[in-house]
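Here the structure comes first, spelled out in C-alpha cells, and everything after it is commentary.
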Amino acid sequence: MILKDLHLTNFRPFVNETINFHPGEDHNVVVVHGQNGSGKTTLLNAIHWVLYGEADFDTHPDRLVNQGEMSKLEPGEQITVSVELNYTHDTEDYRLVRETVFERAHAADFDGNEVDTTVTLEKKTGAVWEELGNPSHIVEQALPQRLSD
C-alpha cells in the first residue's frame with residue numbers, strides 16, 4: 001500500500017487540510033516533522049481511523065470533532081468529521097472515505113453525539129471511480145489491522 005494523500009475535514013485540530021504523501025517519482029520519501037502538539041500523532045490516528053474505524057488518542061480518546069467548529073454550532077445542529085485516504089495497492093488506485101456525523105447536544109458539548117457513520121471505498125478503473133462493496137474486508141486484505149502498528 002502506497003499512501004498518496006490524506007484529506008481531513010473537522011478531524012481534531014484539522015478543519016480542512018490535505019497532506020500529500022506522494023509528491024512524485026523523484027521525491028519518494030516524506031518526513032512528518034513538527035513541534036509537540038502540532039498534530040503528528042493525529043495524522044497517524046487519522047490514517048488508522050479511516051482504515052479501521054479506530055483511533056488511539058491519549059487525551060479525550062472519543063473526541064474526533066474539531067472543538068472550534070463544534071463551538072460554532074447551536075444545540076441540535078450537526079457536523080461531519082471526514083477523512084479521505086487516496087492510495088495505491090497492487091498498481092490500482094483507491095479512495096477510502098470514512099465520515100461520521102456528530103450532533104451538538106447542548107452549549108457546553110464539544111464532543112457531540114455520534115449520529116451516523118459511513119465508509120466508502122472506490123477503485124479507479126480507467127478514468128472512472130467505481131464504488132466497491134465491503135470496504136473493511138478489502139482494506140483488511142491490503143493491510144491487516146494486526147500489522148497496522
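Would you mind finding the one in Glu130, Glu122 that is in contact with a Lys or Arg (Cβ under 7 Å, 6 or more places away or on another chain), loosely packed, with under 14 Cβ neighbours inside 10 Å and not in a loop (DSSP other than H, G, I, E, B)?
Glu130
Within segment 99-149, can you find the residues that are more than 16 Å from the chain's Cα centre (by Cα) and among the aromatic types (Phe, Trp, Tyr)?
Phe110, Trp129
Quick one: is Ser136 part of a strand (DSSP E or B), out of contact with any Pro (no Cβ under 7 Å at 6 or more places or on another chain) and among the small types (Gly, Ala, Ser)?
On the way: part of a strand (DSSP E or B): no; out of contact with any Pro (no Cβ under 7 Å at 6 or more places or on another chain): yes; among the small types (Gly, Ala, Ser): yes.
No: the conditions fail for Ser136.
Give the residue that is farthest from Arg63 (Cα to Cα), with candidates limited to residues of segment 98-149 that are modelled with pLDDT under 90 and among the small types (Gly, Ala, Ser).
Ala142
Name the residue that is modelled with the lowest pLDDT, counting only residues in segment 3-36 that are among the charged types (D, E, K, R) and more than 24 Å from Phe110 (Cβ to Cβ). Don't jump to the end; show me each part of the working.
Taking segment 3-36 as the starting set, the residues that turn out to be among the charged types (D, E, K, R) are 4-5, 12, 17, 25-26.
Checking which are more than 24 Å from Phe110 (Cβ to Cβ) leaves us with 4-5, 25-26.
Working: Lys4: 92, Asp5: 93, Glu25: 72, Asp26: 75.
Applying the filter and picking the extreme gives Glu25.
Picking from Arg95, Arg63, which residue would you name as being under 22 Å from Thr42 (Cα atoms) and modelled with pLDDT of 95 or more?
Details: Arg63 fails: modelled with pLDDT of 95 or more.
Going through Arg95, Arg63 in turn, just one is under 22 Å from Thr42 (Cα atoms) and modelled with pLDDT of 95 or more: Arg95.
Which residue pairs have Cβ atoms closer than 7 Å, lie 6 or more positions apart in sequence or on different chains, and pair a first residue in segment 130-144 that is closer than 13 Å to Tyr87 by Cβ with a second residue that is open to solvent by 50 Å² or more (accessible area, probe 1.4 Å) and in a loop (DSSP other than H, G, I, E, B)?
Matching pairs, first to second residue: Ala142/Met1; Leu143/Met1.
Taking segment 108-129, which residues are over 11 Å from Glu77 (Cα atoms) and among the small types (Gly, Ala, Ser)?
Ala108, Gly126, Ala127
Here are the criteria: (1) within 16 Å of the chain's Cα centre (by Cα); (2) within 21 Å of Ala105 (Cβ to Cβ). Tell me which single one Tyr52 does not satisfy.
Status for Tyr52: all satisfied but (2).
The values are calculated or read from the model by the stated rules, or taken from the named source; none is laboratory data. Owing to the predicted nature of the structure, the values given are computational and were not obtained by experimental measurement. When we count neighbours, we look across all protein chains shown, and the Cβ atoms used for this are built from the backbone with ideal geometry, even at glycine. Note: accessible area is taken over every heavy atom of the protein model, side chains too, but ligands, DNA and RNA are not part of it. Shrake-Rupley method; radii C 1.70, N 1.55, O 1.52, S 1.80 Å.
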